[in-house]
Protein chains: 4
Amino acid sequence: MSDQTTVGVGMIGYAFMGRVHSQAWRSVGAFFDLPLAPRMAVLAGRSKEHTAAAAARLGWADTETDWREVVSRDDVQIVDICTPGDSHAEIAIAALAAGKHVICEKPLANSVAEAEAMVRAAASSSGKNMVAFNYRRVPAVALARRYVEEGRLGEIRHVRAQYLQDWIVDAEFPLVWRLQKDKAGSGSLGDIGAHIIDTAQFITGQNIVGVSALTETFVKERPLSPGSSETGPVTVDDAALFIGRLSGGAVASFEATRFATGRKNALRIELNGSLGSLAFDFEAMNELWVSEGGSGFKRILVTEPDHPYAAAWWPPGHGLGYEHTFTHEIKDFLEAIAQGDDPAPSFADGLRVQRVLAAVERSAADSSRFTVVEDV
Amino acid sequence: MSDQTTVGVGMIGYAFMGRVHSQAWRSVGAFFDLPLAPRMAVLAGRSKEHTAAAAARLGWADTETDWREVVSRDDVQIVDICTPGDSHAEIAIAALAAGKHVICEKPLANSVAEAEAMVRAAASSSGKNMVAFNYRRVPAVALARRYVEEGRLGEIRHVRAQYLQDWIVDAEFPLVWRLQKDKAGSGSLGDIGAHIIDTAQFITGQNIVGVSALTETFVKERPLSPGSSETGPVTVDDAALFIGRLSGGAVASFEATRFATGRKNALRIELNGSLGSLAFDFEAMNELWVSEGGSGFKRILVTEPDHPYAAAWWPPGHGLGYEHTFTHEIKDFLEAIAQGDDPAPSFADGLRVQRVLAAVERSAADSSRFTVVEDV
Amino acid sequence: MSDQTTVGVGMIGYAFMGRVHSQAWRSVGAFFDLPLAPRMAVLAGRSKEHTAAAAARLGWADTETDWREVVSRDDVQIVDICTPGDSHAEIAIAALAAGKHVICEKPLANSVAEAEAMVRAAASSSGKNMVAFNYRRVPAVALARRYVEEGRLGEIRHVRAQYLQDWIVDAEFPLVWRLQKDKAGSGSLGDIGAHIIDTAQFITGQNIVGVSALTETFVKERPLSPGSSETGPVTVDDAALFIGRLSGGAVASFEATRFATGRKNALRIELNGSLGSLAFDFEAMNELWVSEGGSGFKRILVTEPDHPYAAAWWPPGHGLGYEHTFTHEIKDFLEAIAQGDDPAPSFADGLRVQRVLAAVERSAADSSRFTVVEDV
Amino acid sequence: MSDQTTVGVGMIGYAFMGRVHSQAWRSVGAFFDLPLAPRMAVLAGRSKEHTAAAAARLGWADTETDWREVVSRDDVQIVDICTPGDSHAEIAIAALAAGKHVICEKPLANSVAEAEAMVRAAASSSGKNMVAFNYRRVPAVALARRYVEEGRLGEIRHVRAQYLQDWIVDAEFPLVWRLQKDKAGSGSLGDIGAHIIDTAQFITGQNIVGVSALTETFVKERPLSPGSSETGPVTVDDAALFIGRLSGGAVASFEATRFATGRKNALRIELNGSLGSLAFDFEAMNELWVSEGGSGFKRILVTEPDHPYAAAWWPPGHGLGYEHTFTHEIKDFLEAIAQGDDPAPSFADGLRVQRVLAAVERSAADSSRFTVVEDV
């Protein structure tokens, strides 16, 4: 390990995503033989005091209150963007212009135009780029991809994917920024729908080529703050449903909602191929269910040494958690940088998801008419 | 029981549906206190020899080779139609005209026009009418309906229903009548999609008011017979997917396919309401999963004395099977007749399903555009 | 079917077991090609009136109020004993002496001595004998046996079997006959423990050679009748636990209880072999879980045409219920009679179970000391 | 956080347990508000080179090649013992004598005598002591304890606990130290049986008062090393089964084996009480199944803010993994030290487990006779 090159990391934002990214940067080197040793150089946030406290707790050596300072620091080679979607484009483009490697939270941007600009910036930068669709790095999801890639399921005919949560079922839940279109871009669609779009495209190796969609907002007014009698309009979707077609001939069904009472983080996907099927539910993230040859579904505990990422961790049957998907992501990102490869999912993959989101919105606004996903 | 009136039953058809209906007629009296005692009077089929053999095996007292004879017999008060869909209308209308009570297999007919004619015939007959959507009589499904009816799930926001089978995944499976439009009307849509439409409407107590659909035929040519090198075109859908809206404000997703490798008879339905959720899969038909108040899903074994139909059978935990749904159906039919009530689901309910099927087909043919379900 | 010989059946008792046996006699011919056609000739019970009502409802042609009359009737070739255990020996021995074929409910008797006498009577009779351990006829259990027999699990090392119910958890539940030693012989041990002993021996093909046991009575006094303030002592076990060794080298763990709150009829068995494992729970009776080669457990829906008994019924995925285990039992019994084979499980198998029960009781009374199962 | 006192930690051993403990020490401060800030001061191992590499990778500031040096360092206040069981007593007693706080891996020792000496040393030390039964810190297990403690399950009648693994099913697996009595003390009994004993006692709040046991060694000779033709005797148990009684009146069944093909790390426990039941399986570690009032089992995803430990981590439905049980353990240990409380489980708890293990061995050696667990 003595011949490892150290790379400095600067992270922007320290809320939910910042916390889990920090844990990944802090832990990755203890479990994987990395070609590059990440150094948690600097954390950026608006409030000097809060950022300092977060840095102390999460293990960052220094802080900045302006993200521009992070992008221009010489001790930073990697910029990790954990802010809300409306600032992704500006930060990423600046970081890429400065030759930094950039990993950016999803959805890549709040519009197709922003995402396109980011992809263009990436094309002309020496820095590498990655969009943080972490669910690709669930070992069970990566194993699912392997099954499809090896042809064990045959020709894929069906995809049915759902992302079900329930955290805003209560009509008294306040009008947080995620429920406002100007800040969040969309509602369940961009927040969690984006994940199942990427996951479906990743596992199948196919693109979604067209969709027919409808969206709904069940609770149209909410308190401005908890307990407040003043209310404001919810301007994003509470739920988005769409059916569509994939480039390889499969038909597919998608649903994203935050109103599925009793479902907490049920990212579920089921594939049916001519030779076999598989099913996954993130609420039981260490399990992949596989049917081959038409027989029953086998519950595979994805913790065997020959399963993706698993050998780095514990013996069989000793499961991983949510955070490890980020550790895997960063490990793959560092390896790609060291090898000069393009990380996956790239900004281009993020743009592709963005285009599906846009097609969903267009279809929903046009009587659910089948709408082709635009592609360059 | 000595004061029971006996009613004569005449059944048309003795294939799969005829076998299971016979078992229900034969068994129902041993488990339920019936107001009417069914007498298995006569079985009709085209071949004298085969019909006689079937009658002997299944317990019918007499046989006919022309269904018209059944309809005109004095010892027949109930006509049970177990033929393919293309003969339903003619038989049912004749039976109703003769004042018989009619129970008819689903889908009610092969077209909306036929179904409308059947409903008209029913309106002017002294006979009662029922369409055999047997899955309403799964105790777990009936219990699900009870939960919704009692308001325990609150306002229903989501329905997601699938009917997944895999029996024609093999491209060498021959071109049976169910894969030909002139005989079967449609493919998976009418055969199994009809069941989830009725089940969703039954449990929610809401109608599907509009749909956006796509259909697909994965294997377009099949051998005319097993092993034959001569092939013919598959003229029905292999799979049908649609999203839609219900009269009470819920959004819904439906999928019917015979290409879900590894799924054998997975009629699955999940509902999310403002107060709770439920989930059901016919492959585990004795279980209903219910979440209340946002907490986890409880696996209810629907075999308790206070569960629908269960007290008639065995002690808790001693499950029922597929055939019992028909026994329950016939018990309810006999009770409705004796009480002068209209049985449910009625021909009108069957027509409603037919109209949804028609809307699905129109939408699929019109770029998946949102299509209103016509209602009189 | 015209060349079928008819055999007359006389059944003694018409409570829970009588009801389910009747359904089996009534149905078996409609689903299986039988070498013998059973005729439901006569039902015996103590009360003339109640027996007549039961016969009408369950489909028996005639009644008797003395079982001896049944045994001596010329139109009866098969005697089906559905009475409590304390009368099994007397009836069975008389029936066998009269040359009847006898099927007898389990446990075979209330003591080893009685069971031995029954086996002796069977040995000198021209009639065949069977003890009704119906769980052997669950398709999933029969498939489990096939897996072991074919060597797919390798050498069996572990058996863990439980039979969990909860119907007497309530201390106010009255002192029914099943809780009195003089009538029931033992408590959960003989009633449900007997089933898991037989099932384990059947699936493994091994005998239990020795046990170490403990029993417990949690509620020692109960009301004499529902709501009564008068109480009497519970004289049987509420729960029985034992570990032991099988003839093939496996170690095993057994538990029978009626105090497993929330478990309704959980007859569960898990086997671990050198090459694979299997698991079964009667609460999901259509499923067998199999692990081969150390990989995950596959959920097999035991409804495929090549699964035991399944071809006679419905298409794949259309499950069976509790009652069908009896239909299968009677089908196998009739076939054995017609072919001159010895039915299984025989009275000798029933005696073997009885000897294990006796060893359990001896061990429990002797500080749980390892106690060899006596064998002739 | 600026007023946190820093405590230095010295860890002995850096194999499997050392790796997972390191991750916990490294991560705990980022998620919990700790009264003491752990400093990863020094790692001890026999090989200077290997220890240095491990320290670099796992994040320890310094290394020692003699554990005695760790115990005597002034910058070490906590000693974390991650070595095999045969060195626990010597290290722990020395550390306690030096006034250090000690956390020691399980089983506490290889004999009751050693464990007793450790408890005595703890009693006369100013240092706190803890034995690392990490499964108490699975949120679902801690929630299970809460259910029992709050009386929601009523009086506990049944415990059935199993720890099932399969990693030595292959007879060619070599004779590692864990299969040699002089090094490991016992086989599956002490390694994994100890965990279910502690977990059962923890959740129920009851002690095991007596046992009846049998043990078995299925593969009696193994290669000395992988692929070697030279073999040596396996001198420990491959499997241990016992039944017993708890201090509160429950009966219990335990089984530990490494021959349960297809089970990877199935630490399973089920409790039945007079009011309710619960079930847990570590292979699905984020789930607790609870039945109340006799109704079905509810699958609780133990990730809600009011569940044990969960608020420190991620939103509901974002599960934890194996390693987090150690993070929780260390958090509780640090809190107890800061508050001057006795951590749980203490060395005394470890001794109690040891005495159960000893009773199991005595019973197995004495014809499975019921053997009282000795208690001082």
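The values are calculated or read from the model by the stated rules, or taken from the named source; none is laboratory data. Please read all numbers here as calculations on a predicted model, not as lab measurements. Neighbour counts are summed over all protein chains in view; Cβ atoms, including those assigned to glycine, are modelled from backbone coordinates with ideal geometry. Accessible surface areas use protein heavy atoms only, side chains included; no ligands, DNA or RNA. Shrake-Rupley method; radii C 1.70, N 1.55, O 1.52, S 1.80 Å.
Considering only residues that are away from every other protein chain (no Cβ under 13 Å) and of a type outside the set (Asp, Glu), which ones fall in the range D:209-227?
Going residue by residue through the range D:209-227, those that are away from every other protein chain (no Cβ under 13 Å) are D:221-227.
Result: D:Arg222, D:Pro223, D:Leu224, D:Ser225, D:Pro226, D:Gly227.
Quick check, is D:Ala260 under 24 Å from A:Leu301 (Cβ atoms), of a type outside the set (Asp, Glu) and out of contact with any Gly (no Cβ under 9 Å at 6 or more places or on another chain)?
Values: under 24 Å from A:Leu301 (Cβ atoms): yes; of a type outside the set (Asp, Glu): yes; out of contact with any Gly (no Cβ under 9 Å at 6 or more places or on another chain): yes.
Yes, satisfied.
Mind listing just one residue for me: the one in the range B:156-188 that is over 29 Å from B:Thr204 (Cβ atoms) and in contact with a helix residue (DSSP H, G or I) (Cβ under 6 Å, 6 or more places away or on another chain) and, of those, nearest to the other protein chains (Cβ to nearest Cβ)?
Selected residue: B:Trp177.
Matching residues to (1) under 30 Å from C:Gly29 (Cα atoms); (2) within 14 Å of chain B (Cβ to nearest Cβ); (3) over 22 Å from the mean Cα position of the chain (by Cα):
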{"residue": "C:Glu287", "(1), (2), (3)": "yes, yes, no"}
{"residue": "C:Ala312", "(1), (2), (3)": "yes, yes, yes"}
{"residue": "C:Pro316", "(1), (2), (3)": "yes, yes, yes"}
{"residue": "C:Gly321", "(1), (2), (3)": "yes, yes, no"}
{"residue": "C:Thr325", "(1), (2), (3)": "yes, yes, no"}
{"residue": "C:Ser367", "(1), (2), (3)": "no, no, yes"}
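Where in the range B:107-224 are there helices (runs of 4 or more DSSP H), lying wholly inside it, with at least 3 residues that are closer than 27 Å to B:Leu278 by Cβ? Let's see the steps before the verdict.
Values: elements: B:112-123, B:139-149, B:181-184, B:194-204.
Counting at least 3 such residues, we get B:139-149, B:194-204.
I'd like the residue in the range C:60-70 that is without any contact (Cβ under 8 Å) to a residue 60 or more places away in the chain and among the hydrophobic types (A, V, I, L, M, F, W, C) and, out of all such residues, is nearest to the other protein chains (Cβ to nearest Cβ). Talk me through it step by step, then tell me what you get.
Here is the first cut: in the range C:60-70, the ones without any contact (Cβ under 8 Å) to a residue 60 or more places away in the chain are C:60-69.
Checking which are among the hydrophobic types (A, V, I, L, M, F, W, C) leaves us with C:60-61, C:67.
Details: C:Trp60: 11, C:Ala61: 14, C:Trp67: 22 Å.
Checking each candidate, the answer is C:Trp60.
Can you pull out the residues in the range A:228-245 that are within 20 Å of the chain's Cα centre (by Cα), open to solvent by less than 10 Å² (accessible area, probe 1.4 Å) and more than 10 Å from chain B (Cβ to nearest Cβ)?
Just the residues of the range A:228-245 that are within 20 Å of the chain's Cα centre (by Cα), to begin with: A:236-242.
If we keep only those that are open to solvent by less than 10 Å² (accessible area, probe 1.4 Å) too, we end up with A:236, A:238-242.
Correct list: A:Val236 only.
Based on this model, can you work out whether C:Ala44 counts as surrounded by fewer than 23 Cβ atoms within 10 Å (Cβ to Cβ) and not assigned by TED's automatic domain parsing to the domain that holds C:Gly190?
Working: surrounded by fewer than 23 Cβ atoms within 10 Å (Cβ to Cβ): no; not assigned by TED's automatic domain parsing to the domain that holds C:Gly190: yes.
In short, no.
Report, by residue number, each residue of the range B:144-155 that is open to solvent by 10 Å² or more (accessible area, probe 1.4 Å) and among the aliphatic types (A, V, I, L, M).
We begin by selecting, within the range B:144-155, every residue open to solvent by 10 Å² or more (accessible area, probe 1.4 Å); these are B:145-152, B:154-155.
Listed by number, the list holds a single entry, B:Val148.
Of everything in the range B:51-83, what is open to solvent by less than 60 Å² (accessible area, probe 1.4 Å) and either part of a loop (DSSP other than H, G, I, E, B) or modelled with pLDDT under 95 (or both)? Give them in sequence order.
Answer for the range B:51-83, where residues must be open to solvent by less than 60 Å² (accessible area, probe 1.4 Å) and either part of a loop (DSSP other than H, G, I, E, B) or modelled with pLDDT under 95 (or both): B:Gly59, B:Trp60, B:Asp66, B:Arg73, B:Asp75, B:Val76, B:Cys82, B:Thr83.
It is to be established whether one or more residues within the range C:266-274 are open to solvent by 10 Å² or more (accessible area, probe 1.4 Å), at the interface with another protein chain (Cβ under 8 Å from one of its Cβ atoms) and not in a strand (DSSP E or B).
yes
Scan the range D:299-310 for residues that are in a strand (DSSP E or B) and more than 10 Å from chain A (Cβ to nearest Cβ) and report the count.
Looking only at the range D:299-310, we keep the residues that are in a strand (DSSP E or B), and these are D:299-301.
So of that shortlist, the ones also more than 10 Å from chain A (Cβ to nearest Cβ) come out as D:300.
Of the residues in that region, 1 qualify.
The rows are residues; the columns are (1) in contact with an Asp or Glu (Cβ under 9 Å, 6 or more places away or on another chain); (2) over 30 Å from D:Arg73 (Cβ atoms).
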| position | (1), (2) |
| --- | --- |
| D:His101 | no, no |
| D:Glu105 | yes, no |
| D:Ala117 | no, no |
| D:Ala132 | yes, no |
| D:Glu172 | no, yes |
| D:Asp182 | yes, yes |
| D:Asp191 | no, yes |
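Select from the range A:1-18 the residues that are out of contact with any Lys or Arg (no Cβ under 8 Å at 6 or more places or on another chain) and open to solvent by less than 60 Å² (accessible area, probe 1.4 Å) and list them in ascending order.
A:Gln4, A:Met11, A:Ile12, A:Gly13, A:Met17, A:Gly18
So which of A:Glu329, A:Glu292, A:Glu283 is farther than 20 Å from A:Asp33 by Cβ and more than 14 Å from chain D (Cβ to nearest Cβ)? If you could, list the steps in order and put the result at the bottom.
Working: A:Glu329 fails: farther than 20 Å from A:Asp33 by Cβ; A:Glu283 fails: more than 14 Å from chain D (Cβ to nearest Cβ).
The unique qualifying residue is A:Glu292.
Have a look at A:Phe32, A:Phe16 and point out the one that is within 11 Å of chain D (Cβ to nearest Cβ) and modelled with pLDDT of 95 or more. Even if it seems obvious, please write down each step before you answer.
Details: A:Phe16 fails: modelled with pLDDT of 95 or more.
Answer to the check: A:Phe32.
Please work out if C:Asn110 is on the phi < 0 side of the Ramachandran plot, open to solvent by 20 Å² or more (accessible area, probe 1.4 Å) and under 16 Å from the mean Cα position of the chain (by Cα). Full working, then the answer.
Details: on the phi < 0 side of the Ramachandran plot: yes; open to solvent by 20 Å² or more (accessible area, probe 1.4 Å): yes; under 16 Å from the mean Cα position of the chain (by Cα): yes.
Against the criterion (on the phi < 0 side of the Ramachandran plot, open to solvent by 20 Å² or more (accessible area, probe 1.4 Å) and under 16 Å from the mean Cα position of the chain (by Cα)), C:Asn110 qualifies.
Only one residue in A:Ala336, A:Ala344 is in contact (Cβ under 8 Å) with a residue 12 or more places away in the chain and under 28 Å from D:Trp313 (Cα atoms), so which one is that?
Numbers: A:Ala336 fails: under 28 Å from D:Trp313 (Cα atoms).
Being in contact (Cβ under 8 Å) with a residue 12 or more places away in the chain and under 28 Å from D:Trp313 (Cα atoms) holds for just one of A:Ala336, A:Ala344, which is A:Ala344.
Have a look at B:Ala310, B:Ala279 and point out the one that is touching a Phe, Trp or Tyr at 6+ places or on another chain (Cβ under 7 Å), in contact (Cβ under 8 Å) with a residue 12 or more places away in the chain and of a type in the set (A, V, I, L, M). Give the steps one after another, and end with the answer.
Working: B:Ala310 fails: touching a Phe, Trp or Tyr at 6+ places or on another chain (Cβ under 7 Å).
That would be B:Ala279, the only listed residue that is touching a Phe, Trp or Tyr at 6+ places or on another chain (Cβ under 7 Å), in contact (Cβ under 8 Å) with a residue 12 or more places away in the chain and of a type in the set (A, V, I, L, M).
I'm trying to understand the selection: among the residues of the range C:181-190, which are touching a strand residue (DSSP E or B) at 6+ places or on another chain (Cβ under 8 Å) and of a type outside the set (Gly, Ala, Ser)?
Within the range C:181-190, C:Leu189 is the sole residue that qualifies.
So which residues in the range B:246-265 are facing another protein chain (nearest Cβ under 8 Å) and either open to solvent by 20 Å² or more (accessible area, probe 1.4 Å) or not in a strand (DSSP E or B) (or both)?
B:Gly249, B:Phe259, B:Ala260, B:Thr261, B:Gly262, B:Arg263, B:Lys264, B:Asn265, listed by residue number.
I need the full set of residues from the range C:311-350 which are crowded, with 24+ Cβ neighbours inside 10 Å, among the hydrophobic types (A, V, I, L, M, F, W, C) and part of a helix (DSSP H, G or I), in order please.
Within the range C:311-350, C:Ile330, C:Phe333, C:Leu334, C:Phe347 meet the criteria.
Among the residues of the range D:190-227 satisfying the criterion of being open to solvent by 50 Å² or more (accessible area, probe 1.4 Å) and aliphatic (A, V, I, L, M), which is farthest from the chain's Cα centre (by Cα)?
D:Leu224
Can we say D:Ser253 is modelled with pLDDT under 95 and either within 22 Å of the chain's Cα centre (by Cα) or of a type in the set (D, E, K, R) (or both)?
Details: modelled with pLDDT under 95: no; either within 22 Å of the chain's Cα centre (by Cα) or of a type in the set (D, E, K, R) (or both): yes.
No; evaluated as a whole, the condition is false for this residue.
Quick check on this structure: which one of B:Arg57, B:Arg73, B:Arg136, B:Arg46 is within 14 Å of chain C (Cβ to nearest Cβ) and either over 25 Å from B:Tyr309 (Cβ atoms) or touching a residue at least 60 places away in the same chain (Cβ under 8 Å) (or both)?
B:Arg57
Condition first: among the hydroxyl-bearing types (Ser, Thr, Tyr) and part of a strand (DSSP E or B). Now tell me which residues in the range D:3-50 satisfy that. Spell out the reasoning first.
Looking only at the range D:3-50, we keep the residues that are among the hydroxyl-bearing types (Ser, Thr, Tyr), and these are D:5-6, D:14, D:22, D:27, D:47.
The answer is D:Thr5, D:Thr6.
C:Asp342 fails exactly one of the following numbered conditions: (1) over 14 Å from the mean Cα position of the chain (by Cα); (2) within 14 Å of another protein chain (Cβ to nearest Cβ). What is the number of that condition?
Against the list (1) over 14 Å from the mean Cα position of the chain (by Cα); (2) within 14 Å of another protein chain (Cβ to nearest Cβ), C:Asp342 comes up short only on (2).
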